[in-house]
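Please read the structure below before turning to the comments.
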Amino acid sequence: MKYETLAAEYLQEKGYRIRIRNFRCRFGEIDIIAEDGGALVFFEIKYRSGGQCGNPLEAVDERKQRRISRAALYYYKENGYVKEQPCRFDVIGIEGNGAVRHIENAFEFQGWR
């Protein structure tokens, strides 16, 4: 939760409008949903205390991407968005020293495979 707060503060400083934090549904969880320009942005936040655990951005594997994609689709439908509404999937990695790495368009929608 501490690192999601750090990420939310970072995003607000960058001009993002936070819509919801810790969105949960039966398909999965999305750490932060925000608006950037006219696009909805679905964020996965990852923290690693040190290099021995790997890069935090590497932790968002294909399985995790599918879960996030399904939860995003559910969010779209539940909130009345149309498929023409632009969106993207970003990942924020926070390292033990507090460094924040933001990867825009980190992955594409993974569908229902």
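Considered as a group, the residues in region 36-58 that are in a helix (DSSP H, G or I) and buried (at least 16 other Cβ atoms within 10 Å of the Cβ) include one that is modelled with the highest pLDDT, and that residue is LEU57. The set of residues in region 82-113 that are of a type in the set (Phe, Trp, Tyr) and exposed (fewer than 15 other Cβ atoms within 10 Å of the Cβ) contains only TRP112.
Residue pairs whose Cβ atoms lie under 8 Å apart, separated by 6 or more positions or on different chains, with the first residue in region 1-17 and under 14 Å from GLU44 (Cβ atoms) and the second among the aromatic types (Phe, Trp, Tyr) and outside any helix (DSSP H, G or I), are TYR3/TYR47; ALA7/PHE43; LEU11/PHE43.
Where residues in region 1-35 are over 13 Å from the mean Cα position of the chain (by Cα) and in a strand (DSSP E or B), which of them is nearest to ALA71 (Cα to Cα)? Applying the filter and picking the extreme gives CYS25.
Quick check: is even one residue across region 60-73 surrounded by 16 or more Cβ atoms within 10 Å (Cβ to Cβ) and modelled with pLDDT under 90? Checking region 60-73: at least one residue is surrounded by 16 or more Cβ atoms within 10 Å (Cβ to Cβ) and modelled with pLDDT under 90.
Candidates in region 77-107 are the residues that are among the acidic types (Asp, Glu) and under 17 Å from GLU29 (Cα atoms); of these, the one that is farthest from the chain's Cα centre (by Cα) is GLU78.
The values are calculated or read from the model by the stated rules, or taken from the named source; none is laboratory data. In this text, all values refer to a predicted model and were calculated from it rather than measured experimentally. For neighbour counting, all protein chains shown are included, and Cβ atoms are generated from backbone atoms with ideal geometry for every residue, glycine included.
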